[in-house]
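Report on the structure given below.
The values are calculated or read from the model by the stated rules, or taken from the named source; none is laboratory data. Computed from a predicted structure; not experimentally measured. We place every Cβ from the backbone using ideal geometry, glycine too, and count neighbours over all the protein chains shown.
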Amino acid sequence: MAEDQRLGRYGEKRDFRKSPEPSGRGRGSAGAGQPQFVIQLHDARSRHFDFRLEADGVLRSWAVPKGPSTDPKEKRLATPTEDHPLDYQDFEGVIPGGEYGAGAVVVWDTGPYRNLTASRDGEEVPVAEAVDRGHVKFWLEGHKLTGGYALTRLQGREDWLLVKLRDDKADARRNPVSTQPESVRTGRTVEQVAAEEGEPGETR
Ligand code: MN
């Protein structure tokens, strides 16, 4: 599918005269170097983390209510959301009241990733294809998260699970979702972003 078609749902949901989010039309470093992941903490009506993986010129996306864990025993529900443009990985700011996803967003973690998805005979499965099939494994090189993770669609359901793989980066004692809530880009919390960039007296 062409990228502009893929991003159709993204554009339909948003009014770029009102929201500061990128329109996706001026795409920057598309496909240059290693693919990137980004996890944004989004203080919308219900607070959640948006997990995004670069694949085929877009960011494949899931909303993860509890956020990622570093403990392989923790399974985190992940609901697929519409593909986002590549430049969304830099977005941090406030989506104004009344707009889709109203609330503050910070870049909670980001960095390059490597695809670990392989077929039974050991051939690498491209990430876009792996996502379409409902199972993708990858190695993150983030500031807060490192190591292997898997996203797997539940049989016969829309929902997926995000799980830490068992490797030397797994750590059941860490809990970065609660101990490191701030942006890796600016060091700000969603509350600080809302106070600095939100409209005065705005309700979301
Ligand atoms: Mn969101």
Could you check Ala55 against (1) more than 16 Å from Lys137 (Cα to Cα); (2) surrounded by 14 or more Cβ atoms within 10 Å (Cβ to Cβ) and say which number it fails?
(1)
Ala63 fails exactly one of the following numbered conditions: (1) part of a loop (DSSP other than H, G, I, E, B); (2) within 25 Å of Ala150 (Cα to Cα). What is the number of that condition?
(1)
Enumerate the pairs (first residue in region 34-47 and modelled with pLDDT of 95 or more; second residue anywhere and part of a loop (DSSP other than H, G, I, E, B) and within 9 Å of the ligand (Cβ to nearest atom)) with beta-carbon separation below 7 Å, excluding pairs fewer than 6 apart on the same chain, so at least 6 apart or on different chains.
His42/Gly101; Ala44/Gly101
Filtering region 122-145 down to residues that are under 23 Å from Ser183 (Cα atoms) and surrounded by fewer than 18 Cβ atoms within 10 Å (Cβ to Cβ) yields Trp139, Glu141, His143
For region 63-115 the number of residues that are away from the ligand (no atom under 16 Å from the Cβ), among the aliphatic types (A, V, I, L, M) and surrounded by fewer than 18 Cβ atoms within 10 Å (Cβ to Cβ) is 0
Please count how many residues of region 41-60 are over 10 Å from the mean Cα position of the chain (by Cα), farther than 21 Å from Gly103 by Cα and not β-branched (Val, Ile, Thr).
3
